[in-house]
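Please treat every number below as a calculation from the coordinates, not as lab data. All values reported here derive from a predicted model rather than from experimental measurement. Cβ coordinates were reconstructed from backbone atoms using ideal geometry, including for glycine residues, and neighbour counts include every protein chain displayed.
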Amino acid sequence: MSQEGFSSLLSPDGPVLGVVGAYDWSGGIYLYGSSGKPSFINVSRTSTDMNDAYLGYSSQVITANGQSSYVVGAPRYQHAGKVVLFSRDTKGGEWTPRSEVLGEQIGSYFGGTLCAVDLDRDGNTDLVLIGAPMFYTPLNGGRVYNCLINWP
C-alpha cells in the first residue's frame, strides 16, 4: 500500500523510487544504492504533521562538488504543498532534511513536479523549478517557482 514507484529517478547514487503511501501517506523515497540495502529517506520520523503529505510524489537529484542531494515534493502537505531538500554529510551518514520551501495556495499541488537545472553546465545545480499545476488566479492557472540553490 505504500505505492512504491509512484515517481522514479535514475541518480548517480542509484535508482530512486517515490513511496507516497508510506506511514499514513506521509511518504518518502527509496534510494537503491550500491550497498544492496535501500535507504528510506523521509521526514515522518521527525515531523508529526506529514500525514497525507505524499512526500515522494516527485523527486530530483541536485549536485554540488560531486555530492548528490535530493529535492522531494510533498504536494498535499497541509493542503498547500512542500518541497524538502535532503542531504547527508560527507562521511556518508544518515540522510537528513536540510531545508524546505512551502507552497502558498491551498490545493495548488505545489511540489507536484520538480526540475533541477544546471544553467552554466559546470556540474553543479543552480536552481530547481517547482511546479504548482493547480495554482489558480482569475486570469490563469498553474505556476512555476524558481528556487535558486546557494552552495557554500
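Quick notes on this structure:
- Residue pairs whose Cβ atoms lie under 7 Å apart, separated by 6 or more positions or on different chains, with the first residue in the stretch 53-72 and closer than 16 Å to THR96 by Cα and the second charged (D, E, K, R) and outside any strand (DSSP E or B), are SER68/ASP13.
- Residue in the stretch 63-72 that is touching a strand residue (DSSP E or B) at 6+ places or on another chain (Cβ under 6 Å) and in a loop (DSSP other than H, G, I, E, B) present: no
- Search result, residues across the stretch 122-135 that are over 17 Å from GLN60 (Cα atoms) and loosely packed, with under 14 Cβ neighbours inside 10 Å: ASP122
Here's the yes/no breakdown for (1) crowded, with 23+ Cβ neighbours inside 10 Å; (2) of a type outside the set (A, V, I, L, M):
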| site | (1), (2) |
| --- | --- |
| TRP25 | no, yes |
| ILE29 | yes, no |
| LYS37 | no, yes |
| ILE41 | yes, no |
| TYR57 | yes, yes |
| GLY66 | no, yes |
| TYR77 | yes, yes |
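- Odd one out for SER99, checked against (1) in a loop (DSSP other than H, G, I, E, B); (2) in contact with a strand residue (DSSP E or B) (Cβ under 6 Å, 6 or more places away or on another chain): (1)
- Flag if LEU102 is of a type in the set (A, V, I, L, M, F, W, C), surrounded by fewer than 18 Cβ atoms within 10 Å (Cβ to Cβ) and without any contact (Cβ under 8 Å) to a residue 60 or more places away in the chain: yes
- Counted residues, the stretch 2-41 - those being closer than 16 Å to ALA116 by Cβ, more than 12 Å from the chain's Cα centre (by Cα) and hydroxyl-bearing (Ser, Thr, Tyr): 1
- Complete set of residues in the stretch 73-96 that are free of Cβ contacts under 8 Å to residues at least 12 places away in the same chain and either small (Gly, Ala, Ser) or not in a loop (DSSP other than H, G, I, E, B) (or both): GLY92, GLY93, THR96
- Extreme residue, nearest to GLY111 (Cα to Cα), among residues of the stretch 4-46 that are of a type in the set (Val, Ile, Thr) and outside any strand (DSSP E or B): VAL20
- ALA53 being assigned to a loop (DSSP other than H, G, I, E, B) and either surrounded by 20 or more Cβ atoms within 10 Å (Cβ to Cβ) or of a type in the set (Lys, Arg) (or both): yes
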